[in-house]
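Trainee: This structure is in structure tokens; I'll ask about it shortly.
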Amino acid sequence: MKYFDNIKNIRSDYKVSEIVKSIVLGLIFFIIALVLIVVLTVNISFIYVRYVTEFVIVADLIGSLTAFFSVKLVYMTLLNYNNEPTINLKYIIKVDLVLIPIIVFLLGLIPLLYI
Amino acid sequence: MKKTILKFRLYIYVLIIPYILIVFIGVYRIDYSILVPGVNDSVESFIEIVDPYESLGSFHTTSVINIEKPSIMMYLLSIKNPEATVSELPSYFDYISVRESTVMGYLMKDDSINSSLALSLDRLNYESVVNRYNLVYLTYSYLAEDTIEVGDYVLKANDSTDFRLEMNNTVCGESVAITVQKPSGDIITYDILKTEIDGGCYFGLYIKDFTDIVSTSVEYNIIENRTGGPSGGLMQALYIYNELTEKDYTHGLKIAGTGTINTFGEVGSIGAIRQKLLTAVTNNIDIFFVPHRSDSESDNYIQALEIYESLNTDMILVGVANFDEALAYLDSIEGDLSWNTLIILRILEVITK
């Protein structure tokens with residue numbers, strides 16, 4: 001598949017340390033934002049418990065939006081190291097900007113199973 | 001990586017302090033208690049009678065959310081919220097943990113379910129063997145370690161089975177020998193000191209009777225859920241009675257209420273009546289039962305009436321002093337909703353929610 005072929009060859013353009021640093025930065029941003037989302041959602045949900053389902057869904061949407069920006073941050077950082085890669089990085093970015101927020105949104109629905 | 005961080009440094013400088021502040025107020029806990037409207041759980045979801053009679057409607061307990069030691073953010077969201085009641089934690093909370101208080105709630109619920117079962121089975125002349133024990137529901141932190149624990153059954157004090165009299169007659173600073181039976185069956189005697197705390201004298205124990213169904217001819221299952229406390233007793237008793245009776249006392253309606261029950265059928269007072277009433281209104285309950293034991297201002301029904309009159313609701317509020325009054329009220333309702341009408345009503349409920 002085009003996506004996996006490009007991913008396999010990413011090390012021809014970027015060092016492992018550069019890839020790791022980019023991913024770590026994206027993750028740090030995501031976790032920092034996620035902490036805020038969780039704190040706000042838990043506090044508000046306890047006080048307005050009859051709307052807890054709606055709050056969780058809204059928080060989930062914000063979480064997936066945060067994932068979108070985190071992925072953008074990862075590739076923005078990566079491009080700082082080499083902004084003319086030989087692989088089709090734009091294609092990888094397009095796929096990840098759709099796929100990862102969707103995965104995060106679906107994972108964020110799991111708490112609804114326990115409410 | 002550094003380049004990216006430098007690119008966003010202005011955002012970091014501006015947002016870091018509000019971020020830390022919001023997380024802090026969302027996490028740091030303060031010594032208050034907040035009551036907010038909760039949920040109406042169908043009794044069927046936690047008490048299952050095997051092979052029941054059919055009923056069109058349902059019985060629901062009414063629970064509120066009691067947040068002990070809320071965060072600063074929860075406090076700020078609650079102080080201007082007309083549905084919430086904010087109060088300082090009572091002084092005894094210095095000596096108990098939130099976890100122990102929660103365990104006590106679950107034990108009280110178990111007792112409530114057993115009392116409801118015992119009452120309904122007795123009313124319907126089903127065979128059952130019921131025992132009552134004096135259970136330790138809660139221990140306070142000033143009680144010595146490796147001594148009486150939650151779940152122990154109190155048998156006697158100073159060799160007397162009237163342990164309450166013995167404990168009341170003990171002077172501050174003196175000990176009493178309390179004999180307990182552990183859940184394992186071991187019988188042990190402990191010397192418990194009556195300690196001076198906050199101007200009063202206490203043993204550091206909360207002991208109350210616990211009803212246990214030893215055996216019965218009715219098959220049933222109890223399913224654990226997240227709610228605790230004894231205030232669902234009346235609804236539980238009505239549900240069990242209805243499940244074991246051919247007549248459908250629900251008449252296709254959603255019936256909820258609050259009030260403890262004992263094995264004599266007496267309905268006891270409860271707290272958080274405002275939040276429970278609001279919970280019922282938002283959950284489209286048709287009939288709501290409330291304890292009504294006197295005409296004083298502190299009576300649950302009198303308090304509920306005051307709140308009820310300010311609400312725009314078709315829900316019917318009924319005050320009852322005992323199980324028989326509640327049953328008589330349901331018995332007096334004429335007609336039943338048909339299945340078709342019921343389905344249409346419930347669909348409309350979901351759409352308009």
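Matching residues to (1) surrounded by fewer than 21 Cβ atoms within 10 Å (Cβ to Cβ); (2) away from chain A (no Cβ under 14 Å); (3) not basic (Lys, Arg):
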{"site": "B:Lys247", "(1), (2), (3)": "yes, yes, no"}
{"site": "B:His251", "(1), (2), (3)": "yes, yes, yes"}
{"site": "B:Lys254", "(1), (2), (3)": "no, yes, no"}
{"site": "B:Thr260", "(1), (2), (3)": "no, yes, yes"}
{"site": "B:Thr263", "(1), (2), (3)": "yes, yes, yes"}
{"site": "B:Gly271", "(1), (2), (3)": "yes, yes, yes"}
{"site": "B:Lys276", "(1), (2), (3)": "no, no, no"}
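Trainee: While we're here: Checking the structure you have, find out if any residue of the stretch A:95-114 is closer than 30 Å to B:Lys3 by Cα and in contact (Cβ under 8 Å) with a residue 60 or more places away in the chain.
Mentor: Of all residues in the stretch A:95-114, those closer than 30 Å to B:Lys3 by Cα come to A:95-105.
After this cut, where a residue has to be in contact (Cβ under 8 Å) with a residue 60 or more places away in the chain as well, the list is A:95.
Yes, the stretch A:95-114 contains at least one residue that is closer than 30 Å to B:Lys3 by Cα and in contact (Cβ under 8 Å) with a residue 60 or more places away in the chain.
Trainee: Modelled with pLDDT of 90 or more and either surrounded by 16 or more Cβ atoms within 10 Å (Cβ to Cβ) or in contact with a Cys (Cβ under 6 Å, 6 or more places away or on another chain) (or both) - does that describe any residue in the stretch B:86-99?
Mentor: yes
Trainee: With touching a residue at least 60 places away in the same chain (Cβ under 8 Å) and either facing another protein chain (nearest Cβ under 10 Å) or of a type in the set (S, T, N, Q) (or both) as the only criterion, which of A:Asn88, A:Asn83, A:Asn43 stands out?
Mentor: Criteria check complete, one pass: A:Asn88.
Trainee: Additional query: May I ask you to say which residue of B:Leu244, B:Leu205, B:Leu155 is of a type in the set (A, V, I, L, M, F, W, C) and either at pLDDT 95 or above or under 23 Å from B:Asp331 (Cα atoms) (or both)?
Mentor: Only one candidate qualifies: B:Leu244.
Trainee: Also, I was wondering about something else. Given the conditions (1) within 14 Å of another protein chain (Cβ to nearest Cβ); (2) over 19 Å from B:Met1 (Cβ atoms); (3) among the small types (Gly, Ala, Ser), and given that A:Ser70 satisfies all but one, which numbered condition is not satisfied?
Mentor: Result: A:Ser70 fails condition (2) only.
The values are calculated or read from the model by the stated rules, or taken from the named source; none is laboratory data. Remember, predicted model here, so these are calculated numbers, not experimental data. Note that we place each Cβ from the backbone using ideal geometry, even for glycine, and neighbour counts take in every protein chain shown.
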